[in-house]
């Protein structure tokens, strides 16, 4: 019932944004001079959460149940939410009781959202009443089918004004669907010193006229909505395009989509993406609310249709799917939104569900475990970043909760070691079940090339090796798919894999320095196959000065080289088209 307990979450650690060494701009030609980790550290020090973030206490007082029971027992949680909703209805002077007309509860439902603006509260209530009109059916964790019959109700909005909420301004040019609660809270574009290259907190652009937007990157804030928005308003911090609030799905836009945010840790991806930050914590996942999933999905669908971005996991990606720009950057890349983001539900809400498009003979698999029952035994959710606090508390098992991740092993056995990610563990040791250690995982919606099958196990090509995951026919964790794969051209024993798709040296004019790229540490050997996410031109967006005065500034360099985006591991990567054969996935697929 979406009872909130910010005080409990505040006492738990998170590290997706404050414990790595990622340069969010991701441009080694101009390393970011800021210290975002220092700026981000206070985000968890909000002293007293607002009432909307602490409704668990109110529910406990109304029901007489303790907070732990309300937090962990589903029936008690529903009872607590119902009591809270009824208390709002009484306070508004509305009728209460099982026999009352659902239409009369609209204002109470709006207040239940916890929103601080009238449009956000109304949008939440509208979503609830839309769902009531459609009905719903779900299967519970223990396999029981629960159905809510469709109920036609014309909501009575007459009491909405009694909530006394502020009205958010919607200026012309706000890039949100009309029915979503959205506000313009601009990120600054300011020069920080006499040096034209010293500015923040994003870059100006002219997308998509100048450069196609290929990706939407999903992040979490590792902090509260308010303090996170305060940070994006700082010229000496980072700029991203949107922030979404957990309690009600409210959206703040900060950077125009034509402009380039500093959010993904990879300049090639930044230049071709839109970044969405979601209030929440990667190590917990409990702040990823239904309200936020729904508004985010509507926003992403709107942006994808507007800019021609395919609604698939090759183009709508997590920060944890963005590659490092070079071998040295891989280890510091962020891991949000983490294993507890429900990708399958998210795409259902986008009206782009994951579907089977193939057979066991078509050579591709799309990961898709049942989120509610897929509960990997992660550990370390209780730990702060290394050295914070001192001493670091012992790592504890994470609470059992649903996950989008399947675990990858070196052999078709639950006792086999996890596979190795050389970027995270250069010594070749297996990755672990530590919550942020994503080097032996595949996530819902990601499509991989089939490498073999044995009993209940399926193998995929992953970071230069066969990686096995449990995929029994009785409870499948993947769907068969068809598409295209790449494999090294004949005569090539191995080919390089890159974290960005920049043009060749000859493409650069004299006014723009050549941006050299180097391979990542992974091996793509003959005989291996990887799923194709698209064929892209080599591109580099030059943006290095506040006023555009640098030679060649605010221009796109395009070359003759073309790259193929591949699902090489947990992160997308790129190979040179000249190095590979692009084949229909059934050709040469394991039988």
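The values are calculated or read from the model by the stated rules, or taken from the named source; none is laboratory data. Computed from a prediction, not measured in an experiment: that's the story for all the values here. Glycine gets a Cβ as well: all are built from the backbone with ideal geometry, and neighbour counts include every protein chain shown.
Here is a check on your reading of the model: is residue 282 farther than 26 Å from residue 536 by Cβ, buried (at least 23 other Cβ atoms within 10 Å of the Cβ) and in contact with a strand residue (DSSP E or B) (Cβ under 6 Å, 6 or more places away or on another chain)? Considered against the rule, which asks whether it is farther than 26 Å from residue 536 by Cβ, buried (at least 23 other Cβ atoms within 10 Å of the Cβ) and in contact with a strand residue (DSSP E or B) (Cβ under 6 Å, 6 or more places away or on another chain), residue 282 comes out as yes. Evaluated against (1) loosely packed, with under 14 Cβ neighbours inside 10 Å; (2) touching a strand residue (DSSP E or B) at 6+ places or on another chain (Cβ under 9 Å); (3) within 20 Å of residue 528 (Cβ to Cβ), residue 428 falls short on exactly one condition, (2). The set of residues from the range 515-530 being assigned to a loop (DSSP other than H, G, I, E, B) and either in contact (Cβ under 8 Å) with a residue 40 or more places away in the chain or under 22 Å from residue 557 (Cβ atoms) (or both) comprises 515, 516, 517, 518, 519, 520, 521, 522, 523, 527, 528, 529. Within the option set 495, 512, being closer than 23 Å to residue 446 by Cα, touching a residue at least 40 places away in the same chain (Cβ under 8 Å) and over 27 Å from the mean Cα position of the chain (by Cα) holds for one residue only, 495. Among the residues of the range 531-568, the ones that are over 20 Å from residue 272 (Cβ atoms) and either touching a strand residue (DSSP E or B) at 6+ places or on another chain (Cβ under 6 Å) or free of Cβ contacts under 8 Å to residues at least 12 places away in the same chain (or both) come to 1 in all. For the range 477-491, a tally of residues being over 12 Å from residue 577 (Cα atoms) and loosely packed, with under 15 Cβ neighbours inside 10 Å returns 2.
Yes or no, residue by residue, for (1) in the same structural domain as residue 344 (by TED's automatic domain parsing); (2) on the phi > 0 side of the Ramachandran plot; (3) touching a helix residue (DSSP H, G or I) at 6+ places or on another chain (Cβ under 9 Å):
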{"position": "123", "(1), (2), (3)": "no, no, yes"}
{"position": "129", "(1), (2), (3)": "no, no, yes"}
{"position": "134", "(1), (2), (3)": "no, no, no"}
{"position": "145", "(1), (2), (3)": "no, no, no"}
{"position": "148", "(1), (2), (3)": "no, no, yes"}
{"position": "151", "(1), (2), (3)": "no, no, yes"}
{"position": "191", "(1), (2), (3)": "yes, no, no"}
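Please determine whether any residue of the range 156-175 is assigned to a loop (DSSP other than H, G, I, E, B), outside the structural domain of residue 544 (by TED's automatic domain parsing), modelled with pLDDT of 90 or more and under 24 Å from the mean Cα position of the chain (by Cα). Yes, the range 156-175 contains a residue that is assigned to a loop (DSSP other than H, G, I, E, B), outside the structural domain of residue 544 (by TED's automatic domain parsing), modelled with pLDDT of 90 or more and under 24 Å from the mean Cα position of the chain (by Cα). Which condition does residue 332 not pass, out of (1) modelled with pLDDT of 95 or more; (2) closer than 27 Å to residue 437 by Cα, if it passes all the others? Failed condition: (1). The residues in the range 568-585 that are part of a strand (DSSP E or B) and touching a helix residue (DSSP H, G or I) at 6+ places or on another chain (Cβ under 9 Å) can be counted, and the count is 2. Within the range 442-461, can one find any residue that is within 26 Å of residue 333 (Cβ to Cβ), touching a helix residue (DSSP H, G or I) at 6+ places or on another chain (Cβ under 6 Å) and in a loop (DSSP other than H, G, I, E, B)? Yes, that holds for at least one residue. Got at least one residue in the range 287-300 being closer than 23 Å to residue 440 by Cβ and part of a loop (DSSP other than H, G, I, E, B)? Yes, the conditions are met somewhere in the range 287-300.
Looking at 324, 328 in this structure, which one is in the same structural domain as residue 219 (by TED's automatic domain parsing), buried (at least 21 other Cβ atoms within 10 Å of the Cβ), closer than 30 Å to residue 575 by Cα and out of contact with any strand residue (DSSP E or B) (no Cβ under 6 Å at 6 or more places or on another chain)? The conditions single out 324.
Return yes or no: is residue 141 farther than 20 Å from residue 248 by Cα and either over 27 Å from the mean Cα position of the chain (by Cα) or at pLDDT 90 or above (or both)? So residue 141 fails the test.
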